[in-house]
1. Run the reach check for Lys134 against lysines, Cα to Cα strictly under 26 Å, same-chain hits fewer than 8 apart removed. What comes back?
2. In 10 Å bins starting at zero, report the fraction of Cα pairs in the range 108-259 per bin as a rounded %.
3. Quick one: work out Rg over Rh on the C-alpha atoms of the range 1-124, Rh as Kirkwood radius.
4. Considering the alpha-carbon set of the range 179-308 alone, what are its Rg and its Dmax in angstrom?
5. Report the FRET efficiency, 1/(1 + (r/R0)^6), for Ile131 and Asp210, where r is their Cβ-Cβ distance and R0 is 30 Å, rounded to 0.05.
6. State the Cα centre-to-centre distance between the range 72-112 and the range 18-62 in whole Å.
7. For the range 185-281, which whole-number percentage of the solvent-accessible area (1.4 Å probe, protein heavy atoms only) is attributable to carbon and sulfur atoms?
8. Run the accessible area of the range 112-152 with a 1.4 Å probe and give the carbon-and-sulfur part as a rounded percent.
Amino acid sequence: MSPTVQCAYIGLGAMGNAMAGHIAQKLSSLGCPPLLAFNRTQARAEALAQTHPVTVASSLDQVATANIIFSCLLNDAAVIETLDILIPLLKTDTILVEQSTISPALAQKYAAKAKEAGVVYLACPVMGPPIKAKSGDLTVLMAGGESAEIRGKVLPLLIPVVGKKVIELGLQDVAESLRLKLCGNYFVTSVVEMVAEGMTLGEASGVGQDKVRELLDAVFPNSLMGVYADRMLKNTYKDEIAFPITTAKKDVAHIVQLAKDSGAKLPITEAFLKNADEVLENHGNYDLSSVVGNLRVQAGLHFDLAEKK
Ligand SMILES: NC(=O)c1ccc[n+]([C@@H]2O[C@H](COP(=O)([O-])OP(=O)(O)OC[C@H]3O[C@@H](n4cnc5c(N)ncnc54)[C@H](OP(=O)(O)O)[C@@H]3O)[C@@H](O)[C@H]2O)c1
């Protein structure tokens with residue numbers, strides 16, 4: 001990594017803030033200029049500058065002076081809004097490292113726009129919740145970049161920095177990493193649906209969901225099942241919103257489209273979506289583990305959010 005390389009990070013939400021912090025430390029250790037940190041709401045960039053070696057960027061024009069620009073934004077609309085302004089401002093050979101969970105088709109569209117502008121686009125969505133982003137324990141899914149040389153410039157800023165593992169996909173089609181990311185989120189939402197059904201079955205049949213939780217821990221130790229069973233058992237979905245239903249629904253919409261495009265059937269996703277819609281409509285936007293509430297209501301069991309209404 002040349003010590004003159006200037007990097008920037010756009011989007012300092014729950015995920016981007018943590019990743020930008022790790023990248024800033026890495027750049028500092030390499031003797032590179034401080035990371036330019038940009039966020040639509042500038043206060044978030046200012047807060048990051050209190051704890052990390054970053055320079056607050058106040059405009060996308062300022063961000064465009066960088067050689068490598070990372071972004072992690074909420075959804076397709078946020079990426080469109082940002083990249084439509086940013087790409088025309090960029091210098092030839094700038095590398096864009098896009099980390100948001102967006103539709104594969106949108107990633108392809110902006111990779112093509114970037115190429116027209118002489119800019120390289122790498123799609124690097126990540127697997128793992130904000131807590132793993134904080135501990136630098138994400139899995140990076142990398143596609144695009146066109147050459148191993150370009151990847152060689154970016155990889156040392158991601159591994160072992162924001163995560164310990166990268167899954168490398170094709171050099172040309174940036175959509176490959178988004179498709180894999182959607183497969184990953186298919187598993188997350190399906191595990192939530194499965195655990196919600198199993199916890200409800202345990203409670204409704206009289207063994208108790210605490211015993212179901214104990215069984216999951218014994219038979220499938222240290223798994224995502226245990227994490228979600230715990231949230232359902234302790235009703236933490238109200239106060240600890242790690243993955244809001246609306247964000248999960250955004251991802252599920254992409255998953256359903258991917259399934260349609262490829263002819264795959266996803267009955268578990270359909271069941272999850274039905275429960276998610278019921279909870280969102282009747283109770284609010286809580287952590288996705290709250291889908292258990294709809295199953296509990298259907299089984300004639302108590303659901304604490306229903307009681308509040
Ligand atoms: N949370 C997770 O568990 C998780 C895990 C893996 C991947 N992801 C993906 O990572 C991405 C970010 O997620 P997050 O959890 O960090 O979300 P978040 O905390 O809600 O942060 C969203 C970021 O996007 C910005 N943003 C939203 N709308 C915008 C717009 N129209 N124009 C410009 N900026 C906009 C926000 O800026 P403001 O501060 O101004 O609102 C903020 O920086 C999403 O694509 C998500 O699916 C999330």
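The values are calculated or read from the model by the stated rules, or taken from the named source; none is laboratory data. As the structure is a prediction and not an experimental result, all values here were calculated from the model. Neighbour counts are summed over all protein chains in view; Cβ atoms, including those assigned to glycine, are modelled from backbone coordinates with ideal geometry. In case anyone asks, the SASA skips ligands and DNA or RNA and just uses the protein heavy atoms, side chains included. Shrake-Rupley method; radii C 1.70, N 1.55, O 1.52, S 1.80 Å.
1. Those lysines meeting the cut-off are Lys26, Lys153, Lys164, Lys165, Lys181, Lys234, Lys238, Lys249, Lys250.
2. Spelled out bin by bin, the range 108-259 gives 10, 31, 31, 18, 8, 2, 0 percent.
3. Details: Rg = 13.4 Å, Rh = 14.2 Å.
Rounded to two decimals, Rg over Rh is 0.94.
4. Cα only, the range 179-308: 14.3, 42 Å (Rg, Dmax).
5. The pair Ile131/Asp210 has a calculated efficiency of 0.80.
6. 19
7. The computed percentage sits at 59.
8. So the carbon and sulfur contribution to the accessible surface is 56 percent.
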